[in-house]
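Below: the structure, in structure tokens.
The values are calculated or read from the model by the stated rules, or taken from the named source; none is laboratory data. Just so it is clear, the structure is predicted and the values come from calculations on it, not from any experiment. Reconstructed Cβ throughout: ideal geometry from the backbone, glycine too, with neighbour counts over all protein chains shown. With ligands, DNA and RNA removed, areas are computed over all heavy atoms of the protein, side chains included. Shrake-Rupley method; radii C 1.70, N 1.55, O 1.52, S 1.80 Å.
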Amino acid sequence: MTKLIVIENTVVRQDAFGRYCLNDLHRAAVAQGKATESQRPSNFLKSEGVSNFVQKASEATKIASVNIIKGGIESGSWAVELIAIRYAAWIDPAFEVQVYERFRDSVKSNNGVLVEKVQAGLAMLAFYKQELRIAPSAMLGAMKKLQSSLGMPDILPAYAIDAPEKSVTGSSEVTHSLTELLLLHGKPYTPQSGYRRLQLLGLAERKSRPSSKHPDKEKLFWSLTEKGLQFGKNLTDNNNPRQTQPHFYDSLFPKLLSVMMNGIAA
């Protein structure tokens, strides 16, 4: 069950598997003067005896008890509750007691409506990320809406970077819809035939969702595949957040057109 943990105005986030963000715990401890920069999660995980403890915890919980993510808005070290408490103890005994009490209070909390909202929101965000392959900027926007609706402190970054995997610009790159870019480049594809070509090359796929007006019918939409994300990104459609609207990087569109016309998938 998802728990809403707030320590000194710092929300300790959870991932889809219920693991806690150790970096959030570190920020909370630093804010209280109970931790130093040298007590970051990366140093804790390297400390004596922790590796074996993590292994035993993984065996007991049947999932990876620690997950380290590099890059993106979810960057950091995520760990199950047992390891999160041990990390708090490694930082400071008084901080361990505080964290333990917050975990215990969250179990006792009778604010079931809030917990249900958090669960539903996290489930939706997990779906967006896994099934729709939403771009980082769109994910950040969805997370901010969830944060605001729950009355949480604003702890999220101001922006996220949307760029090709090997980009070194350090900022988001300009994108446009397939319709706009085809008009600009004057190539022999309509948006419909262009997407069918991308589908044939494994760069895009057709997805569906239930119609809002007619639940017994389906609405079709296009989404970039993992391979297709090298040329663009999936944004949430302005007309319906349950479907995607692919956008393509302007700088890579000539290369994409070459792939489409030569019939060779990158």
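Output yes when any residue across the stretch 128-148 is modelled with pLDDT under 65, surrounded by 13 or more Cβ atoms within 10 Å (Cβ to Cβ), in a loop (DSSP other than H, G, I, E, B) and not hydroxyl-bearing (Ser, Thr, Tyr), and no when none is.
no
Under 9 Å between Cβ atoms, which residue pairs at least 6 apart in sequence (or on different chains) link something in the stretch 187-204 that is at positive phi with a partner that is β-branched (Val, Ile, Thr) and open to solvent by less than 70 Å² (accessible area, probe 1.4 Å)?
202/225
Based on this model, can you work out whether residue 28 counts as crowded, with 18+ Cβ neighbours inside 10 Å, more than 22 Å from the chain's Cα centre (by Cα) and over 17 Å from residue 80 (Cβ atoms)?
Against the criterion (crowded, with 18+ Cβ neighbours inside 10 Å, more than 22 Å from the chain's Cα centre (by Cα) and over 17 Å from residue 80 (Cβ atoms)), residue 28 does not qualify.
Do you know which residues across the stretch 162-215 are modelled with pLDDT under 85 and closer than 15 Å to residue 258 by Cα?
186, 187, 188
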